[in-house]
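K.L.:
Encoded as structure tokens, here's the structure I'll be asking about.
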Amino acid sequence: MRSIWTETAQIPRRNPLTGNKRTEVVVIGGGMAGILTAFYLQRHGIHVVVLEANRIGSGQTGYTTAKITSQHNLIYSKLEKTVGKETARLYGKANQLAVEEYGKLIKRYSIQCHYEQKDAYLYSVQESEKLLKEAESAKRLGLPASFVRETKLPFQVHGAVRFTGQAQFNPLEFLRDISAGLTVYERTRVVKVQGHEVVTDKGVIKADKVVFASHYPFVNVPGFYFAKMYQEKSYVLELEPVEALDGMYLGVDKKAYSFRNYGDRLLLGYGSHRTGKAPAENPFSTMKQVAEHLFPQAEERGRWTAQDCITLDGIPYIGTYSFFRPDWYVATGFGKWGMSSSMAAAKILSMQITGKRTPYDAVFSPQRHHLKASALKFAVHGLESVKGLSAGTMPGAINCPHLGCRMVWNRYDKRWECPCHGSGFEINGKICAGPAQQSIPFID
Ligand SMILES: Cc1cc2nc3c(=O)[nH]c(=O)nc-3n(C[C@H](O)[C@H](O)[C@H](O)COP(=O)(O)OP(=O)(O)OC[C@H]3O[C@@H](n4cnc5c(N)ncnc54)[C@H](O)[C@@H]3O)c2cc1C
């Protein structure tokens, strides 16, 4: 699959691991979370090695829309209610600081990544009430938020929440430069982690600490991430020419779209669904119709999909992997807001690994329990996983190599998907998204 980022940024290739090695920290995964975590660890004077199964940025980071913002849909009004004002405030602060940190890094290291400051907007064409609540909540929590009636979108909105001073960039150009001084082994898949031994298909690395930045943490026990996350897929259409937008936009209505520009190209996003539960209508056809109506002069230049991990309470898991593995760390569950969340994770984990505490440790701790915030999702998504697992026992089922759920075919994305935990496979069975770590054997 290609995206505008994979087409426009060339990241120099790295060699695979050869033989066995020793280091202070191994980071598993060369996406935004892994590379940034390694970058800050190295800045703290730690010897760090990144292991990447494929290429730097070849995971979900290569297919994001790359808005750098602390505006994470209607999250602040929800978090205030479910986890309390202080936790909501710290969540917002960690992400807003992350947004600002990108700007500082890009300036300090003169990174050429088409970085542009833009305001972020949440809009509705139907009602204002929930947007008003979100603007009030975000403002109360110290974020740069306001409610507005007008936007520069080519249609009338009922209202919008504006966050000022947010940004967008080319994520792979950014990763190319930020990873330049790091030790990264590409085409090196971690197959097992045994205590301090990281076993790959090319050799073994002994490390004092291990960071799982593999998008979906693939060691099932301990940690049990498969029971506390699911994945959601969305669709992106790339159009040209479209006059540059003055902001980045996300709709909050049932049928809502995401808009951001890249030069004279527009990235139109749509169609969020649990991976493995594709909708009846073709999301690309819907987007094409909308594009023809709003931007009749524009032509399609590309299309792709991406997916992200969603936690039960809506807050990422950043911190120690499990009570039973104090030297393992994890960064996952970014809920489609992985640019600011990866930066927040990198800052938090690099402090924790160097023995320091941060005000955000408890907020993102993977060991937290927010029962009120998690109960409904636990029931709904737990049931989906049980259904997928039991369907996996039926005759003729194509089973996911992760836990054996029955795979389903997504005809819009032309991929096999696991309806339980979201693993993805190309038409020929080649693995393209975890938590599964092997291709489907019947095709291999
Ligand atoms: C449609 C869509 C649009 C989005 N737009 C935005 C946006 O505008 N702004 C925003 O903030 N967020 C956005 N997101 C979310 C964001 O893209 C992700 O949260 C983020 O890219 C995840 O980064 P990551 O480093 O955790 O994962 P990845 O980029 O997937 O990196 C994980 C890496 O780990 C490697 N790996 C996996 N298993 C192993 C193994 N066993 N051994 C070695 N390596 C391994 C993989 O190959 C991969 O390269 C969007 C998500 C979607 C679905």
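The values are calculated or read from the model by the stated rules, or taken from the named source; none is laboratory data. Bear in mind the structure is a predicted one, so any value in this text is a computation, not a measurement. As a convention, Cβ positions derive from the backbone with ideal geometry for all residues, glycine included, and neighbour counts pool all protein chains shown. Accessible surface areas use protein heavy atoms only, side chains included; no ligands, DNA or RNA. Shrake-Rupley method; radii C 1.70, N 1.55, O 1.52, S 1.80 Å.
K.L.:
Just to confirm, what accessible area per residue do you get for the stretch 176-311 at 1.4 Å probe, in whole Å²? It would help to have the intermediate numbers written out before the result.
P.N.:
Details: 5140 Å² over 136 residues.
Value for the stretch 176-311: 38 Å² per residue.
K.L.:
Here is a further query. Using a 1.4 angstrom probe on heavy atoms only, work out the carbon and sulfur share of the accessible area of the chain in %.
P.N.:
Values: 9840 of 18320 Å².
Looking at the chain in its full context, I get 54 percent from C and S.
K.L.:
So how exposed is LYS356, as accessible area in Å² (1.4 Å probe, rounded to 10)?
P.N.:
90 Å²
K.L.:
So, one more: Give the Debye-formula value of log10 I(q)/I(0) at each listed q (0.14, 0.17, 0.19 Å⁻¹), with one equal scatterer per alpha carbon of the stretch 372-433, two decimals each.
P.N.:
Ignoring solvent entirely, the Cα scatterers give -0.41, -0.58, -0.69.
K.L.:
Here's another thing I want to ask about it. Which percentage, to the nearest 5, of the DSSP beta bridges contained in the chain is antiparallel?
P.N.:
On the way: 60 of 82 bridges.
So the antiparallel bridges amount to about 75 percent of the total.
K.L.:
Show which lysines lie in cross-link reach of LYS133 when reach means a straight Cα distance below 19 angstrom and same-chain residues fewer than eight apart are skipped.
P.N.:
Cα-Cα hits under 19 Å: LYS78, LYS81, LYS85, LYS93, LYS254.
K.L.:
So for the stretch 320-444: antiparallel DSSP bridges make up what percent, rounded to the nearest 5? Mind dumping the intermediate values first?
P.N.:
Details: 10 of 10 bridges.
In the stretch 320-444, approximately 100 percent of DSSP beta bridges are antiparallel ones.
K.L.:
Here's a follow-up. At 0.36 nm per residue, and after removing the present C-alpha to C-alpha distance, how many nm does the segment from GLN289 to LYS21 gain when stretched out fully? Each step should come with its number before you reach the end.
P.N.:
Values: separation 268, 0.36 × 268 = 96.48 nm, distance 5.40 nm.
Fully extending the segment from GLN289 to LYS21 adds 91.1 nm.
K.L.:
Further question: Between TRP409, ALA331, ALA306, whose Cα lies farthest towards the positive end of the dipole of the chain when Lys and Arg beta carbons carry +1 and Asp and Glu beta carbons carry -1, centred on the Cα centre?
P.N.:
Value: ALA331.
K.L.:
Work out how much length ASP208 to MET1 would gain on full extension: take 0.36 nm times their residue separation and subtract the Cα-Cα distance, in nm to one decimal.
P.N.:
Working: separation 207, 0.36 × 207 = 74.52 nm, distance 3.61 nm.
The ASP208-MET1 span can extend by a further 70.9 nm.
K.L.:
May I ask you to rank GLU134, GLU127, GLU299 by accessible area, largest first, using a 1.4 Å probe over the protein chains only?
P.N.:
Numbers: GLU134 0, GLU127 60, GLU299 110 Å².
The ranking, largest first, comes out as GLU299, GLU127, GLU134.
K.L.:
Could you do me a favour and compute the accessible area per residue for the stretch 372-433, 1.4 Å probe, result in Å²?
P.N.:
On the way: 3130 Å² over 62 residues.
It amounts to 51 Å² per residue over the stretch 372-433.
K.L.:
Leaving ligands and nucleic acids out of the surface, order ARG108, ARG22 by accessible area at 1.4 Å, largest first. Write down the numbers at each step before the final one.
P.N.:
Values: ARG108 165, ARG22 145 Å².
Descending accessible area places them as ARG108, ARG22.
K.L.:
Run the reach check for LYS209 against lysines, Cα to Cα strictly under 24 Å, same-chain hits fewer than 8 apart removed. What comes back?
P.N.:
LYS21, LYS192, LYS228, LYS347, LYS356
K.L.:
Now, a different point. In percent, how large is the relative contact order of the chain, given Cα pairs closer than 8 Å and 6 or more residues apart? The partial results should precede the final answer.
P.N.:
Numbers: 1007 pairs, mean separation 82.8, N = 444.
Once normalised by length, the contact order is 19 percent.
K.L.:
What is the Å³ per residue value for the convex hull set by the Cα atoms of the chain?
P.N.:
Working: hull volume 59.0 nm³, N = 444.
Expressed per residue, the convex hull around the Cα atoms of the chain is 133 Å³.
K.L.:
I would also like to ask the following. How high is the relative contact order of the stretch 372-433? Use alpha-carbon pairs under 8 Å, at least six apart in sequence, and give a whole percent. Present the calculation step by step, with values, prior to reporting the outcome.
P.N.:
Details: 86 pairs, mean separation 13.4, N = 62.
Once divided by the residue count of the stretch 372-433, the mean separation gives 22 percent.
K.L.:
Can you name the helices of the chain, as whole DSSP H runs, whose Cα span along the helix axis is 18 Å or more and whose Kyte-Doolittle mean is not below 0.0? All intermediate terms of the calculation are to be shown ahead of the outcome.
P.N.:
Values: long enough: 85-108 (34 Å, -0.86); 338-353 (21 Å, 0.81); 371-391 (30 Å, 0.57).
Flagged H segments are 338-353, 371-391.
K.L.:
Now a separate question. Show that you can apply the helix-only estimate: for the chain, add -39,500 (n - 2.57) for every DSSP H stretch of four or more residues, divide by all residues, and state [θ] at 222 nm to the nearest 500.
P.N.:
Numbers: 10 runs with 122 residues, N = 444.
It comes out at -8500 deg cm²/dmol, rounded to the nearest 500.
K.L.:
Would you list HIS293, HIS215 from the most to the least accessible area, probe 1.4 Å? Walk me through the numbers on the way to the answer.
P.N.:
Working: HIS293 150, HIS215 50 Å².
From most accessible down to least: HIS293, HIS215.
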